[in-house]
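What follows is one structure encoded as structure tokens, with my remarks underneath.
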Amino acid sequence: MVRLSKSPGITIQAAWLVRVLASSRSRYECRDCGGRMFVKACSGRCPVCFTRALQRCHEIEEVVAEAAGVILEDGR
């Protein structure tokens, strides 16, 4: 359930929201996994694929930094 304001009685059931989004005609496809998205993301990825890609970028940065003998700004 999503509360829209602090006053009681103004909530949206999550299941209802999903049904409304699923019945809408505008759908997008994740460029990595092909999953259905209801909101278009700038990256073209669903939240799961976006997170995986971001983690992969951090892993690559760590490997490159270790190979170069550099300590990254965030202490890794």
- Using amide H atoms built 1.01 Å from N in the peptide plane, name the residues 5+ places from residue 31, or on other chains, whose amide H lies under 5 Å from its own. 45, 46
- Linear extension gain, residue 39 paired with residue 58, 0.36 nm per residue minus alpha-carbon span: 4.3 nm
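Expressed as cubic angstrom per residue, what is the convex hull volume of the alpha carbon set of segment 2-68?
Working: hull volume 9.0 nm³, N = 67.
That works out to 134 Å³ per residue.
For segment 6-48, give the magnitude of the charge dipole about the Cα centre (Cβ charges: +1 Lys/Arg, -1 Asp/Glu; no others), in debye to the nearest 20. Don't skip to the answer; put the middle values down first.
Numbers: 8 positive and 2 negative charges, 19 e Å.
Rounded to the nearest 20 debye, it is 100 debye.
All of the numbers you see were taken from the coordinates with simple rules; none came from a lab. Computed from a predicted model, the values in this text were never measured in an experiment. No Cβ is skipped: glycine too gets one built from the backbone with ideal geometry, and neighbour counts run over all protein chains shown.
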